[in-house]
Each structure stands twice: as structure tokens, then as C-alpha cells.
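The values are calculated or read from the model by the stated rules, or taken from the named source; none is laboratory data. Please read these numbers as outputs of a predicted model, since none were measured by experiment. Positions of Cβ are generated from backbone atoms using ideal geometry, with glycine treated the same way; all protein chains shown enter the neighbour counts. SASA here: full protein model, heavy atoms, side chains in, ligands and nucleic acids out. Shrake-Rupley method; radii C 1.70, N 1.55, O 1.52, S 1.80 Å.
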Amino acid sequence: MPSKTNFLRFPKPRKSLPPIPFLDLGVAHAPLRKAFLAKLGDLIDRNEFILGPEVDAFEKEFAAYCGAAHGIGVSNGYDALRLTLEAMGIGPGDEVIVPDFTFAASAFAISHAGARPRFVDVEAETFCLDPSKIEAAITPATKAIMPVHLFGHPADLDPIVAIARKHNLKVIEDAAQAHGATYRGRRVGAQADAGCFSFYPSKNLGALGDAGMVVTNDASLTDRIRTLRNCGSRVRYQHDFVGYNNRLDSFQAALLRIKLKGLDKANRLRQKVAAVYGRYLAYQAMQSKDWAKPVYHLYVIRSESRDKLRDRLTAAAIGCGVYYPVPLHLQPCYKSFGGKAGDFPVSERLAREVIALPMFPELKPAQIRRICGVVLS
Ligand SMILES: *Cc1c(COP(=O)(O)O)cnc(C)c1O
């Protein structure tokens with residue numbers, strides 16, 4: 001924080017500038033508010049609250065957007081992952097390979113399915129699962145690989161899928177941060193066995209509450225997930241499995257249908273924001289591969305003095321966030337696996353160095369320049 005003397009000495013104290021939020025959902029929602037409220041009114045009049053025509057339509061539209069044959073709307077992204085694992089028959093005694101550097105829900109879905117997450121280090125450039133380190137982690141218990149398209153950058157899917165096919169493993173894409181990102185020209189989510197999406201409000205496509213979806217080309221997997229999400233029942237009150245309540249609300253699906261129309265435009269604007277940042281910060285930003293078109297869920301840079309940078313940004317009223325400060329193998333909840341410092345050097349370094357700067361489609365070039373000025377100061 002500037003001291004009082006600094007305050008007097010500088011003609012334009014930083015504090016007089018308006019704050020720059022980390023994320024501004026209000027500006028994105030303002031023009032949609034009328035359509036949202038009209039839809040809510042319709043659904044109240046039609047007594048449509050859970051699953052139903054809006055969910056069916058959103059499943060079709062979002063699956064088609066991803067280039068997948070089927071979509072199954074579920075309660076959130078975490079449950080999308082867990083239901084997919086369970087529907088694949090993955091559970092106790094099984095292992096699933098997951099990047100060490102990701103949001104904890106990726107690994108928790110594996111743990112809650114009863115299986116064991118097997119952590120693998122990530123690539124220093126893309127922050128995503130490193131294909132060259134996967135085979136060493138495969139054991140006779142391995143059943144699946146879960147690449148995460150972290151911060152909106154696709155993981156290197158072709159070599160990952162090739163390794164999976166060679167060892168007869170499933171591939172589940174955790175695409176919760178990458179709606180619309182492309183890998184070699186193809187949208188992520190439908191490139192292997194199943195793709196799981198979250199529509200948490202801050203995601204590239206966000207609901208006004210919790211929501212998620214699995215997309216896949218596999219009809220029998222679709223049927224199993226559909227049944228599991230709704231109390232294990234295909235026909236009312238006849239339960240083929242001991243299922244769950246992981247249904248999607250009609251209202252969230254209806255709002256997501258409205259927002260899906262604007263997803264590509266919003267992603268293009270995020271790419272523009274990233275390009276402006278890149279002019280100033282390229283050398284410390286997450287690198288994008290030429291086979292990838294990332295959608296910048298977050299704009300992340302690395303800094304050896306990350307915590308000081310965070311303090312400078314906070315003092316300048318600029319939002320920022322640390323994603324993720326503790327790698328999975330060092331999390332208290334996975335202590336029993338015996339992970340130690342040094343096991344996954346890239347992941348550990350990223351956990352020390354990464355910081356996310358404000359990122360949303362409506363961020364203005366002048367704001368980005370101001371942010372970069374603070375980063376480079
Ligand atoms: C957000 C997120 C999830 C979980 O999604 P929720 O809808 O919050 O349950 C899973 N994996 C990753 C990588 C995420 O970012």
C-alpha cells in the first residue's frame with residue numbers, strides 16, 4: 001500500500017483509479033437479463049423445474065457444439081466426472097491417471113468413485129498432463145487417464161489417446177475449463193471416451209447456479225450415466241442400479257441455452273484480451289501450442305516473486321488469484337499416498353509461481369495495459 005508520504009508525492013495515486021475486478025459476470029449478464037426473466041416466467045407457468053424439454057434441448061445443442069453424439073446434463077462438473085467413472089465400472093482397486101496440477105475436483109471424482117488417483121507431472125509450457133510421463137505411472141490396476149484442459153488450454157490429446165489405446169485404458173477429458181477450445185481443429189470433450197464439463201458460474205459457459213454435462217459418442221455409456229443421475233431408474237420407480245440424484249435443473253438448462261449462443265463470441269474476445277496481455281507479458285505467460293486454440297478460462301503468468309506480485313496487484317485494486325497453490329500430491333487429504341516435495345518438479349514449481357490476472361471478455365485494452373504496468377513494475 002502506498003504510504004501517506006508517497007500519497008502526497010505522487011500526483012496520481014494508484015488508489016484513485018477504479019478497481020479492476022478479476023471477473024465481471026455482471027457486464028455479461030446485463031444484456032441477457034430480460035431473456036433470463038422471461039424464460040423463468042415461462043418455466044414457472046409450465047411447472048417445469050427439473051430435467052424436461054429444456055434439459056433435453058440443451059443436451060442436444062451442447063453435444064452438437066462439442067461434436068459429440070450424446071450429452072447428459074448433470075448437477076455439476078464434479079458429478080459429471082464421478083458419474084462417468086462409475087458408469088465405466090471404475091471403482092475400488094482401480095487407478096486413474098490425473099495431472100498433479102489441477103483443481104482438486106478432478107482427483108476427488110476418482111477418489112469418490114472408490115478408485116485411486118495416480119498423479120503425473122505436467123508440461124512446463126501448457127501446464128497440462130505431460131504425455132511423456134504417463135507410461136511410467138501405468139500399473140496393472142490402471143483403468144483410465146483423465147487429462148485436464150487446464151485454464152482453457154487443451155492437453156496434448158493424440159499421444160494421450162494413443163497410450164490409452166495401447167494399454168486398453170479409457171480417456172475421460174476434464175473439460176471444465178475449456179468449453180469451445182480446439183485441439184488440432186477439433187473441439188475438446190468428444191475426442192476420446194467421454195468429456196466432462198462444469199457450468200459453474202465463472203466458467204467460460206456458466207449457469208446461474210450449479211450445472212454440468214457429460215458428452216460422449218458411446219450410446220451405452222450415455223444410457224448408464226442417464227440412469228445413474230436419476231436414482232438408477234429408467235422407468236419410474238423401477239431401479240436398475242443404486243443411483244444418485246445428480247439431475248440438472250430446467251432453469252439452468254434454459255439459461256445455458258441462451259448463453260451458449262454467445263459462447264464463441266465470448267471466447268474470441270477472451271483470445272483478444274490474451275493477445276493484448278501477450279504483447280507485454282509473453283515471456284512469463286502460459287505458452288500456447290500451435291495445435292491448440294485455447295479459450296483462456298484464466299490468464300495465468302509465472303513469477304518467481306509471485307506473492308509480492310499478488311500484493312502489488314491488490315494494492316493497485318486489481319483482482320488476481322492463485323490457481324493452484326498446493327499440488328495434489330502435497331495436499332493434506334492425500335497424505336496417505338506418501339507424496340513428497342520433489343516428486344513432481346514442474347507441478348511444484350507452477351504451484352509456487354503461477355498467478356492469474358483479470359480475464360473476462362469485456363476487459364478493455366486500457367485496463368490490460370494498467371494491469372501489465374503493475375506486473376512489470
Ligand atoms: C470447476 C472444475 C471442476 C468441477 O466443476 P463443478 O461444477 O464446480 O463441480 C472440475 N474440474 C476442473 C478442472 C474444474 O475447473
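Odds and ends about this structure:
- Some residue of segment 32-51 being assigned to a loop (DSSP other than H, G, I, E, B), closer than 30 Å to residue 355 by Cβ, modelled with pLDDT of 95 or more and open to solvent by less than 60 Å² (accessible area, probe 1.4 Å): no
- Residue within segment 209-216 that is within 21 Å of the chain's Cα centre (by Cα) and open to solvent by 10 Å² or more (accessible area, probe 1.4 Å) present: yes
- Residue in segment 116-128 that is more than 11 Å from the ligand (Cβ to nearest atom), under 27 Å from residue 93 (Cα atoms), part of a helix (DSSP H, G or I) and assigned by TED's automatic domain parsing to the domain that holds residue 59 present: no
- Any chance residue 336 is polar (S, T, N, Q), open to solvent by 50 Å² or more (accessible area, probe 1.4 Å) and closer than 27 Å to residue 129 by Cβ: yes
- Within segment 217-231, considering residues that are open to solvent by 20 Å² or more (accessible area, probe 1.4 Å) and within 13 Å of residue 70 (Cβ to Cβ), the one nearest to the ligand (Cβ to nearest atom): 226
- Hey, residue 112 touching a Lys or Arg at 6+ places or on another chain (Cβ under 7 Å), free of Cβ contacts under 8 Å to residues at least 60 places away in the same chain and either open to solvent by less than 10 Å² (accessible area, probe 1.4 Å) or more than 11 Å from the ligand (Cβ to nearest atom) (or both) or not: yes
- Residue that is farthest from residue 351 (Cα to Cα) [pool: residues in segment 151-174 that are touching a residue at least 60 places away in the same chain (Cβ under 8 Å) and either in a strand (DSSP E or B) or under 14 Å from the mean Cα position of the chain (by Cα) (or both)]: 170
- Scan segment 186-207 for residues that are more than 8 Å from the ligand (Cβ to nearest atom), outside any loop (DSSP other than H, G, I, E, B) and not hydrophobic (A, V, I, L, M, F, W, C) and the total you get is 3.
- The condition of being of a type in the set (Asp, Glu) and free of Cβ contacts under 8 Å to residues at least 60 places away in the same chain holds for only one of 240, 264, 249, that being 240.
- Only one of 155, 137, 176 that is within 16 Å of the ligand (Cβ to nearest atom), touching a Lys or Arg at 6+ places or on another chain (Cβ under 7 Å) and in the same structural domain as residue 87 (by TED's automatic domain parsing): 176
- Matching option when the condition is aliphatic (A, V, I, L, M), within 28 Å of residue 348 (Cβ to Cβ) and in contact with a Lys or Arg (Cβ under 7 Å, 6 or more places away or on another chain), among 72, 97, 145: 97
- Hits in segment 55-108 (condition: within 14 Å of the ligand (Cβ to nearest atom), out of contact with any Gly (no Cβ under 8 Å at 6 or more places or on another chain), part of a helix (DSSP H, G or I) and open to solvent by 10 Å² or more (accessible area, probe 1.4 Å)): 82, 108
- Odd one out for residue 197 among (1) modelled with pLDDT of 95 or more; (2) out of contact with any Ser or Thr (no Cβ under 7 Å at 6 or more places or on another chain); (3) farther than 22 Å from residue 122 by Cα: (3)
- With respect to the conditions (1) open to solvent by 50 Å² or more (accessible area, probe 1.4 Å); (2) at pLDDT below 95, residue 285 lacks only one, and its number is (1).
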